[in-house]
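Here is the structure we will look at.
The values are calculated or read from the model by the stated rules, or taken from the named source; none is laboratory data. Everything numeric here is computed off the predicted structure, so don't read it as measured data. As a convention, Cβ positions derive from the backbone with ideal geometry for all residues, glycine included, and neighbour counts pool all protein chains shown.
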Amino acid sequence: MAGGGTKAVVAALLANTGIAVTKFAAWGLTQSASMLAEAIHSVADAGNQVLLLVGGKRAQREADELHQFGFGRERYVYSFIVAIVLFSVGGLFALYEGYHKVHDPHPIEHWKWVPVAVLLIAIVMESFSFRTAIIEANKLRGPVSWPRFIRNARAPELPVILLEDFAALTGLVLALIGVGLTLATGNGVFDGLGSMAIGALLVCVAIFLAIEMKSLLLGESATREAQQKIVDAIENTTGVQRLIHIKTLHLGPEEVLVAAKVGVEPTTDAAFVAETIDAAERAIRAAEPMAVHIYLEPDVYEENHVPDERPAVPEAPSH
């Protein structure tokens, strides 16, 4: 796992652990449904950060005979589990608790302002975690928009943390509204509605994350920018007439497989062909360091007969 991703995950883990303890204490004093939903949400988030750290550690294992391309995709597996945990433990529980409270509402009768104080403190702590994730993501994001960065990122940790922290902050605001209305009106229904709103939010975020992680698990190509660097490196190699077609695949967030058919100058000199391919491989690695596994097939390009030709750089994927 990249250093920035680890830093953001650890910051979120520490924040959510501290927040969960204070929320449970507040729920024990007030029996607020919104407070309980938020406490479970924080526990789920803290557990998710542990899963991300475990996935990052396991992905560093060396390749073996059964997994010859290594374990880089294990980070995607654990990120997909995060989406499941967020959906079930966070979202569905909050919806259930809110539904129960709406049908059997009780006002907050004791320690009335404790949940408000806890939620305000939690908003401050969660904001620091969110700020850390934004700072680390900005180091990689460049000029692209936030939606595009989250959808196109091949490393899952930062997008997951960004969405979790955003959902956590939004959930805290919803809980504050629900608790505030309950305190102001004495009607516990608002507390239940706040919990249900938090649950709906978490379910939506979890579904979005699951879709994104499923796409990464299935196998996504290198980004359009990375593919263009690889294409330029091949086409600018001495001895290469043209790139016939290319396919790329992320074996992990920082590992790309490159397979290409390269048109070389017609010759019977095998050494010249080998030197051309070796030079193209060196150029690819220099242009795109994530290109770890490179397989180039030399061929003689025929203008009128290329049955398996593909565009050098396919259209950017949409998932």
*Quick one: is residue 312 among the small types (Gly, Ala, Ser) and either assigned to a loop (DSSP other than H, G, I, E, B) or modelled with pLDDT under 90 (or both)?*
yes
_Being assigned by TED's automatic domain parsing to the domain that holds residue 206, within 15 Å of residue 165 (Cβ to Cβ) and in contact with a helix residue (DSSP H, G or I) (Cβ under 7 Å, 6 or more places away or on another chain) narrows it down to one residue among 9, 85, 116, 54; which is it?_
9
*asked:* Every residue in region 249-302 that is touching a residue at least 12 places away in the same chain (Cβ under 8 Å), more than 26 Å from residue 63 (Cβ to Cβ) and acidic (Asp, Glu), please.
replied: 265, 275, 299
*Can you tell which of 198, 207 is outside any strand (DSSP E or B), in contact with a His (Cβ under 7 Å, 6 or more places away or on another chain), in contact (Cβ under 8 Å) with a residue 12 or more places away in the chain and within 30 Å of residue 33 (Cα to Cα)?*
198
_Just to check your reading of the model, which residue among 160, 144 is crowded, with 23+ Cβ neighbours inside 10 Å, under 25 Å from the mean Cα position of the chain (by Cα) and over 30 Å from residue 112 (Cα atoms)?_
160
*Of the numbered conditions (1) within 24 Å of the chain's Cα centre (by Cα); (2) without any contact (Cβ under 8 Å) to a residue 40 or more places away in the chain, residue 181 fails exactly one; give the number of that condition.*
(1)
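Which of the residues spanning region 72-123 are aromatic (Phe, Trp, Tyr) and surrounded by fewer than 17 Cβ atoms within 10 Å (Cβ to Cβ)? Step through it out loud before you land on a result.
We begin by selecting, within region 72-123, every residue aromatic (Phe, Trp, Tyr); these are 76, 78, 80, 87, 93, 96, 99, 111, 113.
Scanning region 72-123 gives 96, 99, 111, 113.
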*From 20, 26, 15, 46, residue being crowded, with 18+ Cβ neighbours inside 10 Å, part of a helix (DSSP H, G or I), more than 18 Å from the chain's Cα centre (by Cα) and without any contact (Cβ under 8 Å) to a residue 60 or more places away in the chain*: 20
_Filtered residue count, region 175-204, keeping only those that are buried (at least 22 other Cβ atoms within 10 Å of the Cβ), closer than 13 Å to residue 86 by Cβ and either at pLDDT 90 or above or not aliphatic (A, V, I, L, M) (or both)_ = 1
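Evaluate the following for residue 78: is it of a type outside the set (Asp, Glu), in contact with a Leu (Cβ under 7 Å, 6 or more places away or on another chain) and in a helix (DSSP H, G or I)? Show your work before the answer.
Details: of a type outside the set (Asp, Glu): yes; in contact with a Leu (Cβ under 7 Å, 6 or more places away or on another chain): yes; in a helix (DSSP H, G or I): yes.
So residue 78 passes the test.
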